[in-house]
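A quick write-up on the structure given underneath.
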Amino acid sequence: MSAPPASQPTVLDEIVAGVLEDLDVRRAATSEADLRAALADVDAPRDPMPHFRDAASSVIAEVKRKSPSKGELADIPDPAALAREYAAGGAAAISVLTEQRRFSGSLEDLRAVRAAVDVPLLRKDFIVTRYQLLEARAAGADLALLIVASLPGDLLDRLHDYARELGLTVLVEVHDEAETERAVELGAELIGVNARNLKTLAVDPDTFGRLAPLVPADRVLVAESGIAGPTDVQRFVDEGARAVLVGEALVKQGAPRDAVAAMTGLTR
Ligand SMILES: O=P(O)(O)OC[C@@H](O)[C@@H](O)c1c[nH]c2ccccc12
């Protein structure tokens, strides 16, 4: 499936437009100076990289209620309780979707999870401004997602630098060859290959195997999206993934702790 012509907005364009509107509301309530002041009260950022480098396979378990491609996935009244299950199952990190309109997430979810677990936390959102990175760190995130497809020109470089200044580990997300080269040039340490094309929402499970050879061995690769269970995890680990990012398969079933445990510790 190919992307629509540039004149028509893609799903990604529409999501980012909504994110910017919501951002205006938050900015009116909380200034950048307020966020900066709040940084003094948060714990130093946790570094997830040693776990990703050392463990046979790491799981980044996601708190995800809803998505534009699948609609309602799970009712998650208590994200902190779900996060505790993930941590007990051995999750190396926890991803919290904070986008509101399409994913029903919030920074409130991130703060609730932060108060409940010690594992590194990823703010999963469509980050296109420095303000959102500040928000992430002030809410206790240790990692932030930057999606190459949504960051034209040198915006990616500038946000990547700023995130690192804040002490955040950046997960740089790619979906094709050109984006992967961009991430490698940028010096990204942690590169996520999303099997889902965010412009069309189509999933292609062969994406990881195609792009992984373009990434030098000193970087850490994460396979993202459409991972149903340990068999899929093993496949991506065999193709060079050090970590997998899993949402739907974990939120949709009743034993998230066991589901995470079954995906960790596979052999390389
Ligand atoms: O629920 P899944 O298919 O296991 O996917 C999780 C994660 O990869 C997906 O939520 C995701 C990957 N990159 C994103 C960027 C924005 C929003 C969501 C995502």
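The values are calculated or read from the model by the stated rules, or taken from the named source; none is laboratory data. Model, not experiment: these values are computed from the prediction. Ideal geometry is used to build each Cβ from the backbone, glycine not excepted, and the neighbour counts take in all protein chains shown. All accessible areas refer to the heavy atoms of the entire protein, side chains included, with ligands and DNA or RNA removed. Shrake-Rupley method; radii C 1.70, N 1.55, O 1.52, S 1.80 Å.
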Bins of 10 Å, starting at 0 and running to the largest distance - Cα pair percent for the chain:
7, 32, 40, 19, 2
What nm distance separates the two modelled labels at residue 177 and residue 162, each placed 7 Å from Cα along Cα→Cβ?
3.3 nm
Pick out the long, greasy-scoring helices in the chain: whole DSSP H runs spanning 20 Å or more along their own axis by Cα, mean Kyte-Doolittle at least -0.5.
11-29
For the chain, report the accessible area per residue in Å² (1.4 Å probe, heavy atoms, rounded to an integer).
42 Å²
Projected-area mean, region 136-268, by convex hull of Cα positions, square nanometres:
8.7 nm²
Considering only protein heavy atoms and a probe of 1.4 Å, how much of the accessible area of region 95-205 is carbon and sulfur, as a whole percent?
46 percent
Among 145, 82, 35: highest mean-square fluctuation, GNM of the chain, C-alpha pairs under 10 Å
35
When only Cα pairs under 8 Å and 6 or more residues apart are kept, what is the percent relative contact order across region 158-268?
20 percent
Choice from 230, 50, 120 showing the highest fluctuation, given a GNM over the chain with Cα pairs closer than 10 Å:
50
